[in-house]
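Single-structure report; data block below.
Coordinate-derived values only; no laboratory data. All values derive from a computational prediction rather than experimental measurement. A quick note on method: Cβ atoms are made from the backbone with ideal geometry, for glycine too, and the neighbour counts reach across all protein chains shown.
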Amino acid sequence: PEVARHEPRLALDGGPDGLEPYRLIASEASTLLVPGGWVVVEAGDRQASDIADFFAAAGLNPLRPRKDLGGIDRVVA
């Protein structure tokens, strides 16, 4: 509730499974990156593997997700 009071609804709506923005980022990334460029995103709990799969399907080469201090896969690059 404390987040919903301060964030615009659009910022909190990830589609039916919460992953729609990552699908869009993955599908557009190759047209926006310069050679050698990176896409780095923060993942929600239990989302990193799916996000990495979206990047791979888009022809990118995702690295193994990085964990946060709590041991949760949090960053996909």
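Checking each residue in region 43-77 for being in contact (Cβ under 8 Å) with a residue 24 or more places away in the chain and over 16 Å from Asp17 (Cα atoms) picks out Phe55, Ala57, Ala58, Gly59, Leu60, Ile72, Asp73, Arg74, Val75, Val76, Ala77. For region 12-55, a residue qualifies if it is loosely packed, with under 11 Cβ neighbours inside 10 Å and either in a helix (DSSP H, G or I) or touching a Leu at 6+ places or on another chain (Cβ under 7 Å) (or both), and the qualifying residues are Leu12, Thr31, Leu32. Of the residues making up region 56-77, those that are assigned to a strand (DSSP E or B) and of a type in the set (Val, Ile, Thr) are Val75, Val76. The set of residues in region 56-65 being surrounded by 14 or more Cβ atoms within 10 Å (Cβ to Cβ) and over 12 Å from Ile25 (Cα atoms) consists of Pro62, Pro65.
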